[in-house]
Amino acid sequence: MTKETSRVQPAGPGAQSHLYIERRRRRLMATLAASFCVFALYLAWHASHAWDVSHEDESPIAAALAQDASGNTSGSATPDLVKRGEYLARAGDCVACHTADKSRPFAGGLPIATPFGTFYTPNITPDPDTGIGNWSDADFLQALHEGIGKGGERLYPTFPYAEYTKVTDRDVLAIRAYLNTLTPIHYTPPRNGVKFPFNLRWLMVFWNIFNFTEGRFVPDPKQSAEWNRGAYLVEGLAHCEECHTPRNFTQGLKTSERFAGATQAGWHAFNITPHRNSGIGNWSDDDVASYLSTGVVHGRANAAGPMAEVVADSTQYLTSEDLRSIAVYLRSVPPVNGGDTRPREAWGEPANDVAALRGMKISGVNGAQLFIANCATCHNWTGQGIGASAPGAYPSLIHNSAVGASPANNLAMVILHGVERKTKDADVLMPSFATQLSDDQVAAITNYVTKQFGNPQSMVSVEQVVKLRATQQ
Ligand code: HEC
Ligand code: HEC
Ligand code: HEC
């Protein structure tokens with residue numbers, strides 16, 4: 001027995017042993033806390049020093065440079081290399097996240113809301129002070145392949161390095177060569193508003209253990225060259241899974257449900273597996289290519305929200321060979337059944353009872369009346385649209401995936417935020433109704449449209465519309 005316990009003079013033997021157990025427990029806790037701290041310090045040290053390792057061996061980079069079709073190893077980029085880099089930067093859609101203000105392309109500052117807080121994208125123009133002007137090629141490769149910044153800090157996976165790790169050194173360096181030709185913009189984006197403990201960058205070590213496998217794309221020799229090209233693009237640069245694959249509780253991608261669909265900031269990125277009812281199993285390769293290059297497949301789908309941006313900033317620039325490769329690859333992924341009884345785009349009938357609406361009292365929240373007043377000028381009271389299949393036509397709401405989908409999120413989002421998509425094909429604009437219509441009116445129109453022109457089971461409540469309206473776009 002120690003001095004301390006005898007000084008305390010416990011009331012009886014029971015209390016004494018209780019005290020002893022309590023002291024043991026405290027000592028154990030202290031030891032555990034100390035070992036955790038040591039472990040954490042080790043991880044933090046490891047995280048900040050890991051970059052040394054890849055700096056030791058610069059030869060693969062030199063090799064990749066030498067490999068370039070131009071044969072240029074002097075460090076000054078040839079126009080061909082820059083052109084290829086521009087194409088690849090588009091395939092990777094770098095501009096979408098790294099541009100907040102269109103007059104400052106690639107200068108960053110775009111807020112990205114996540115469950116852990118708000119991230120602001122960095123400036124990746126060649127400005128030496130605020131951008132990546134003084135990054136070496138090795139730094140750049142390390143960021144895209146390992147998610148590690150120039151100072152050795154862990155980058156957050158909002159930056160899709162989990163996909164970019166698959167991109168060859170040669171392609172990453174072509175992107176770098178292109179970025180080097182941009183006008184340097186002196187601009188420092190706002191600091192991340194990320195909550196404790198996620199503000200500790202080294203914690204990403206744990207995220208990486210569960211969700212990240214470093215390594216370049218390995219072609220499958222059993223598959224065609226076309227399939228391999230599609231897989232390389234979809235799994236790598238084009239990072240389609242960032243939106244289309246559901247996430248686990250650590251916000252990593254659920255590998256068991258790849259491409260099965262997921263909701264982010266109010267928008268549902270649909271199931272794009274080849275399942276016949278839940279996915280895009282009925283789409284032809286041409287449909288997929290047309291959707292990605294124009295944002296439209298008549299009688300099936302139109303691209304709105306984040307997908308409209310993907311089409312406008314990225315996929316519209318891909319060659320028809322690359323688009324076809326993407327379609328070929330998507331057709332081969334395991335189909336995931338979401339329990340749907342019909343394909344999204346297979347619902348709906350034209351309205352034929354406009355007469356029934358005449359003489360009805362205007363109630364303010366009658367979905368049919370609100371539809372006639374707000375939507376029919378463009379989509380026709382029958383819902384069949386105007387302009388048929390001409391580019392930029394006002395589309396039919398019958399056989400439209402956003403109207404036939406369950407849940408009806410995207411339809412409500414289209415009403416709240418409109419559609420904006422600039423492509424070489426057409427300048428598409430549907431106005432936003434956020435300021436004209438109240439939450440109960442948006443819900444009423446949504447539920448009228450799904451019932452009349454789409455999946456009658458698909459409904460939104462006024463509470464859901466309130467939430468959708470509040471999501472940061
Ligand atoms: C989905 C959004 C998104 C896309 C697409 C994206 N980035 Fe980023 N990127 C980010 C975010 C967010 C960060 C900052 C992460 C952090 O704070 O740790 C980042 C960081 C970076 C960094 C590190 C910069 C620094 O100062 O530490 C580089 C380099 C970079 N991105 C290059 C690219 C390139 C090249 C592409 C296209 C091939 C690209 N990014 C596409 C979101 C994106
Ligand atoms: C930034 C998020 C995001 C990324 C990245 C993204 N998508 Fe999408 N995608 C969406 C959303 C949201 C929709 C639904 C759009 C709508 O309702 O109009 C969608 C819709 C689609 C559709 C139409 C499905 C239907 O039934 O209407 C296809 C096909 C598709 N995406 C393919 C792709 C491919 C291929 C890629 C990669 C090249 C990709 N997407 C990348 C968010 C994304
Ligand atoms: C000024 C004309 C105009 C008005 C008014 C209008 N729309 Fe649209 N709508 C469009 C255009 C243009 C598109 C996009 C066409 C494209 O993608 O090529 C569109 C697209 C849509 C889509 C397809 C979105 C997708 O992701 O597939 C739906 C659904 C829709 N509108 C519903 C409505 C509803 C409901 C209203 C009334 C609240 C309405 N629209 C009012 C012009 C209009």
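Tell me which residues come under 5 Å, amide H to amide H, from Ala301 once H is placed; ignore anything under 5 positions away on its chain.
Answer set, sorted by chain and number: Ser401.
Quick one: grab the alpha carbon gyration tensor of the stretch 225-344, order the square roots of its eigenvalues as a ≥ b ≥ c, and give me rounded if a/c is under 1.5, else prolate or oblate depending on whether a/b is larger than b/c.
rounded
Could you line up Thr294, Thr471 from fewest to most neighbouring Cβ atoms inside 10 Å?
Thr471, Thr294
Quick check on the stretch 387-473: what does the Kirkwood estimate of hydrodynamic radius come out to from the alpha carbon pairs, in Å?
In the stretch 387-473 this quantity evaluates to 13.5 Å.
How big is the dipole moment of the stretch 57-211 about its Cα centre under a simple scheme where the beta carbon of each Lys and Arg is +1, that of each Asp and Glu is -1, and everything else is neutral? Debye, nearest 20, please.
Here the size comes out at about 500 debye.
Sorting Ile386, Ile326, Ile132 on the 10 Å Cβ count, fewest up front, what's the list?
Ile386, Ile132, Ile326
Could you please rank Ile185, Ile209, Ile272, placing first whichever residue has the fewest other Cβ atoms within 10 Å of its Cβ?
Ile209, Ile185, Ile272
Full extension from Ile386 to Ala426: what is 0.36 nm times the residue separation minus their Cα-Cα distance, to one decimal in nm?
The span from Ile386 to Ala426 would gain 12.9 nm if fully extended.
Residues with beta-carbon under 13 Å from that of Arg216, excluding Arg216: net charge, scoring Lys, Arg +1 and Asp, Glu -1?
Once all neighbours under 13 Å are counted, the net charge is -4.
None of the figures in this text is laboratory data; all of them are computed from the coordinates on show. Remember, it's a predicted structure, so these values are computed and weren't measured experimentally. Methodologically, a virtual Cβ is constructed for each residue, glycine included, from the backbone with ideal geometry; neighbour enumeration extends over all protein chains shown.
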